[in-house]
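Heads up: the structure comes next, in structure tokens.
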Amino acid sequence: MKQAKWLAAGVLVGSLALSMTACGGGSSAATDGQSKPKVGVILKTTNAYFNAMSEGIAAMPKDDIEFLGVDAPGNGVDAQPQITAIEGMVTRGADAIVVAPIGPQVQPALDRAVSQGVKIVLVNDDLGGWKGASSYVGTDNYAGASQAGKYLAEQLKNKGTLAIMSGIPGVPALDARVNGVLDALKGTDIKVVNTLATECDQTKGVNVMQAFAASNPDVDAIYSACGPPVLGAIEARKKSDPFKPGLLLVGFDALPDEANAILAGTETASIAQFPKKMGTTAVTTAAAAARGDKFEPRIDTGTEVVTKDTAQKFTTFQ
């Protein structure tokens with residue numbers, strides 16, 4: 001997103017955190033079977049997607065929990081702000097914390113929380129191999145990427161060339177969004193000719209698209225593991241478009257701006273997630289874990305291929 005949009009999203013999330021903190025109820029522990037469990041949420045950054053998740057959480061009923069608010073520290077790359085936020089929630093007496101982890105760097109902080117009896121529910125981003133989470137709530141990123149790969153194979157009739165705009169290498173959820181595509185293309189004659197990282201940033205999407213224009217102008221399709229770089233790719237094509245007609249541009253996130261681009265014909269398709277459902281389900285699951293109630297250890301909130309036929313529904317986050 002452009003800088004102004006990021007700043008606006010940050011202000012809104014901060015306001016949500018303050019207003020939702022005011023919704024808190026009692027202050028006793030959650031283990032006596034009567035009191036309200038203290039539940040907090042820590043996201044990994046502020047952007048339109050996580051802002052929508054916060055909005056969904058803000059609107060959900062909270063009569064049965066003491067809500068500690070939503071914290072969205074950092075820039076989505078540096079782990080220290082999230083580590084500090086986790087430690088802060090523990091200090092405030094959280095019985096359960098919903099966390100969208102930035103990566104394995106936060107595992108020691110989560111381990112310390114778990115050792116103190118705090119239940120951890122991971123949302124949106126999983127930590128592969130970490131056994132401390134009570135549950136994971138979010139998109140099956142690999143399955144969503146497989147849908148993208150199958151869509152690309154159908155559109156290209158199983159042959160052609162593909163360039164990939166990856167996200168942040170080493171982040172499991174984003175790696176899964178690339179691996180799912182690659183595995184879905186096995187057995188086809190579609191060749192990946194270039195892969196460049198974008199850090200899921202719109203400006204870097206512009207730069208990567210310009211690099212593809214210089215090195216691979218004849219590519220048949222471009223896939224992005226995140227939504228903002230696709231918007232950057234569209235922006236780059238408005239300035240210079242050496243690509244051949246019919247270039248497929250497929251994203252992942254189905255941001256509202258992406259949905260509008262699909263309707264306008266500047267993006268071909270995207271994989272939708274459901275951040276509002278994700279956030280509310282994670283908070284409900286965290287409360288259940290704190291109370292000792294039944295809950296599922298993994299909850300897939302689903303994905304959907306968005307094309308021009310369905311894009312209108314996704315002009316707002318679901």
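Results for (1) of a type in the set (K, R); (2) more than 20 Å from Q210 (Cβ to Cβ); (3) buried (at least 24 other Cβ atoms within 10 Å of the Cβ), shown as yes or no for each residue.
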residue: A233; (1), (2), (3): no, no, yes
residue: P245; (1), (2), (3): no, no, no
residue: F252; (1), (2), (3): no, yes, yes
residue: K276; (1), (2), (3): yes, yes, no
residue: T284; (1), (2), (3): no, yes, no
residue: G292; (1), (2), (3): no, yes, no
residue: P297; (1), (2), (3): no, yes, no
* Which ones in the stretch 37-49 are surrounded by 24 or more Cβ atoms within 10 Å (Cβ to Cβ), outside any loop (DSSP other than H, G, I, E, B) and not charged (D, E, K, R)? -> V39, G40, V41, I42, Y49
* **Hey, D201 surrounded by 22 or more Cβ atoms within 10 Å (Cβ to Cβ) and under 30 Å from T281 (Cβ atoms) or not** => yes
* Structure fact -> The condition of being on the phi > 0 side of the Ramachandran plot, surrounded by fewer than 21 Cβ atoms within 10 Å (Cβ to Cβ) and within 19 Å of the chain's Cα centre (by Cα) holds, among G128, G103, G138, only for G103
* To do: Taking E154 as meeting all but one of (1) over 30 Å from K239 (Cα atoms); (2) acidic (D, E); (3) open to solvent by 50 Å² or more (accessible area, probe 1.4 Å), write down the number of the exception.
  => (1)
* **In the stretch 78-95, the residues that are surrounded by fewer than 15 Cβ atoms within 10 Å (Cβ to Cβ) and modelled with pLDDT under 95** => D78, Q80
* To do: Please work out if T203 is within 17 Å of A48 (Cβ to Cβ) and among the hydroxyl-bearing types (S, T, Y).
  => yes
* Asked: Restricting the search to the stretch 159-179, which residues are surrounded by 13 or more Cβ atoms within 10 Å (Cβ to Cβ) and over 14 Å from G251 (Cβ atoms)?
  -> G160, T161, I168, V171, P172, A173, D175, A176, N179
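Kindly establish whether K62 is modelled with pLDDT of 90 or more, assigned to a loop (DSSP other than H, G, I, E, B), charged (D, E, K, R) and open to solvent by 60 Å² or more (accessible area, probe 1.4 Å).
No.
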* Asked: Between residues in the stretch 269-290 that are under 30 Å from G246 (Cβ atoms) and residues that are part of a helix (DSSP H, G or I) and open to solvent by 10 Å² or more (accessible area, probe 1.4 Å), which pairs lie under 8 Å by C-beta distance while being six or more apart or on different chains?
  -> A269/Y151; I271/Q147; Q273/Y49
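The values are calculated or read from the model by the stated rules, or taken from the named source; none is laboratory data. As the structure is a computational prediction, the values presented were derived from the model and not from experiment. Here the Cβ is made from the backbone with ideal geometry for all residues, glycine too, and neighbour counts use every protein chain on show. Quick note on the areas: whole protein, heavy atoms, side chains included, nothing else; ligands and nucleic acids left out. Shrake-Rupley method; radii C 1.70, N 1.55, O 1.52, S 1.80 Å.
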